[in-house]
Amino acid sequence: MAYASMRREATTDPQSVGRMAKVPVGLERLKPMLQRIAQLGKLLIGIWLAGVAVSMFLIVPQYEGLGNAGRIVIMHVPTAWVSVIAFAASAILSGLYLWRRQPVYDDYALAAAENGFLFTALATITGMIFSQVVWGVYWNWDPRQTSIFVLLLIYAALFALRSAIDDLQRRRQLSAVYSLFAFVTVPFLVFVAPRLADSTLHPNCAFIQGSQCDGLTLEVGKIGLLGDRKVQLLGLERENDLVTATVRVSEPGLSGEHTLYPSYNLATKEMISRPEFPGLRYQLGLERVDLNGSSALLNIEAPGTGVLENRVTLFTFLASLGGFTALFFWMLHVRATLLGVAGALMQREAGHP
Amino acid sequence: MNPTNLLEAGVAIYVALAVALSVWIGIFVYLWRIDAHARNLRHELDRQQRREQAQSATPNVTITRVHSPERGTVDS
């Protein structure tokens, strides 16, 4: 079926004829040297990412509260980041295709979208492993998980669209337009939506320096959501400078209830006691107290907060980011070359039956 | 060696590293080979395309001599 589709593509694609033979003369002379540099670069990617793996498991210190499971962040965040780069590249190349109508741009746009999908899936899987360790479940329909799932569906629809259209020119045009519209959703789904929701357990404020989780201000007796937990501030008790809050925490689906007692020092303005949410490694922090208004600011304290302040962790994280980005560009080139070769072979076959 | 020993706290991290490195080496070798094959295919296609273009650029005329009783000998 794919073969028949490619054959149809080839027979109706006059633009792909001779596109691979157009190499500038200056580049032709530099080609052997450039190829050697490219080969060295690819070898370097292999060694670099192997080094990142060794550092991730053996050199980076354990995260407070998460143990060895927290090491997955070194891989999880860069793969998510590369997926954004890939979808952006796909949109830019789709725009270039619509402007210049060169099939090679379509090949690269498709390859970038496929790689973006792959890296998003990797980020989702590594996130699910993290979720199992921290939340006790692989999938929790947390806003971050839901938004990444929607993103996967949007790009899966692009591949479905491409396979549903027989006419090559129409397929390329429609998928380029779709890819541009799909990318509009990426910043919203990756960066905005999970931060709009108050109820997320995804540690946005743990790993991105400078970002803040706002927490939840509650008056005594009021109910609110922290993560996927319903919390109710039952009371505030003061003893000298120490204020202790009584907070009732409900399990997701209201399957169980627990009472936690976070505390706060009014003189030093520091959190004192930060009890863990039942069954989780996240803690409940009392960040601010207003005794006159009988209200308190409650927040989730993620273990591993400030993890990138450790230099070894930061360098390994940046090395991972660079390594995965380079790997993406290599994979993009290989896949686009394969798509170009397949198109040219079909074209030749159609031309010489 | 007892397989359960591999999951002990002190050993598990080395086992995880060995698995991760094995997976990465496998992916790297696979990608390297595909890259090489794709590059060779592309070079071969480019070469054939250039050869065909060169052939089509060469004049290709067949001269035949036809004997005609009315018009004598005609070259076409």
Practice item. Find all pairs meeting these conditions: Cβ atoms under 6 angstrom apart; at least six residues apart or on different chains; first residue within segment A:330-353 and over 18 Å from B:Tyr30 (Cα atoms); second residue not hydrophobic (A, V, I, L, M, F, W, C). Key: A:Gly340/A:Asp107; A:Val341/B:Arg42; A:Gly343/A:Ser16; A:Met346/A:Arg7; A:Gln347/A:Ser16; A:Ala350/A:Thr11
Exercise for review: Any chance you could count how many residues in segment A:324-333 are open to solvent by less than 50 Å² (accessible area, probe 1.4 Å) and more than 8 Å from every other protein chain (Cβ to nearest Cβ)?
Suggested key: 6
Practice item. Scan (1) surrounded by fewer than 20 Cβ atoms within 10 Å (Cβ to Cβ); (2) away from chain B (no Cβ under 14 Å); (3) small (Gly, Ala, Ser) for the single condition A:Ser55 breaks and write down its number. Key: (2)
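Checking the conditions here, which among A:Leu314, A:Leu338, A:Leu308, A:Leu345 is outside any strand (DSSP E or B) and modelled with pLDDT of 90 or more?
A:Leu338
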Study note, to complete from the structure: Condition set within 12 Å of A:Val104 (Cβ to Cβ) and within 8 Å of chain B (Cβ to nearest Cβ), scope segment A:334-353, selection surrounded by the most Cβ atoms within 10 Å (Cβ to Cβ): answer is A:Ala344
Exercise for review: Please determine, by comparing only the residues of segment A:211-224 that are modelled with pLDDT of 85 or more and not in a strand (DSSP E or B), which one is surrounded by the fewest Cβ atoms within 10 Å (Cβ to Cβ).
Suggested key: A:Gly221
**Study point:** Conditions (1) open to solvent by 80 Å² or more (accessible area, probe 1.4 Å); (2) at pLDDT below 90; (3) at the interface with chain A (Cβ under 10 Å from one of its Cβ atoms): number failed by B:Tyr14
**Key:** (2)
Practice item. Inspect segment A:109-129 for any residue being within 24 Å of A:Phe188 (Cα to Cα), of a type outside the set (S, T, N, Q), open to solvent by 30 Å² or more (accessible area, probe 1.4 Å) and not in a helix (DSSP H, G or I) and give the result as yes or no. Key: no
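Residue-wise test of (1) among the β-branched types (Val, Ile, Thr); (2) open to solvent by less than 20 Å² (accessible area, probe 1.4 Å); (3) in the same structural domain as A:Gln132 (by TED's automatic domain parsing); (4) modelled with pLDDT of 75 or more.
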residue	(1), (2), (3), (4)
A:Phe191	no, no, yes, yes
A:Ala197	no, no, yes, no
A:His202	no, no, yes, no
A:Leu226	no, yes, no, no
A:Gly235	no, yes, no, yes
A:Leu242	no, no, no, yes
A:Ala245	no, yes, no, yes
A:Pro252	no, no, no, no
A:Glu257	no, no, no, yes
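The values are calculated or read from the model by the stated rules, or taken from the named source; none is laboratory data. All values derive from a computational prediction rather than experimental measurement. Positions of Cβ are generated from backbone atoms using ideal geometry, with glycine treated the same way; all protein chains shown enter the neighbour counts. The protein model used for the area step is the full one, side chains on, heavy atoms only, and it has no ligands, DNA or RNA in it. Shrake-Rupley method; radii C 1.70, N 1.55, O 1.52, S 1.80 Å.
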